[in-house]
Amino acid sequence: MKKSYLVLAVLTFTLSFIACGGKTSEKATSEDAAPKTEAAAPAKGNDVLDKYETLVNKTIELYESGKFKSGDAAAMQEYTKIAQEMSEMAEELQEAMQNLTPAQVQKYTELGQKLTDAATKAMN
């Protein structure tokens, strides 16, 4: 039972954050009329990506420790905390995705793949 819960939690967590990268906003028409500060967009994107990378790395550390797979209560609690932090930053990440540079999009994609690979490895 613990293993099935673990698999479900990991897959849900991983897929939810990978899916965030594919969404686009439909409020482009109202934003086109307003002036934008394009110079600040890449810097904000870096800040958001740095936060996301920190959370991804914390999650991967949990996977690699083996405690998460064994159902360690402290590891599960830490995982829940990280998942909550990612949920809280999801809107910020979604907003940043609209203005990322190609290099930042590549970094985001690589982080998602790194997280997926670690989750897959942890399940085996």
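Annotations for the structure displayed:
- For the listed peptides 62-72, 101-111, a ranking on the average number of other beta carbons within 10 Å per residue, highest first, reads 62-72, 101-111.
- Long pairs among 58/121; 51/121; 81/114; 44/121, criterion Cα-Cα beyond 26 Å: 44/121
Throughout, read-outs are computed from the coordinates displayed, never taken from laboratory work. Just so it is clear, the model here is predicted, and its values are computed rather than measured. With ideal geometry, Cβ positions are generated from the backbone for all residues, glycine too; neighbour counts draw on all protein chains shown.
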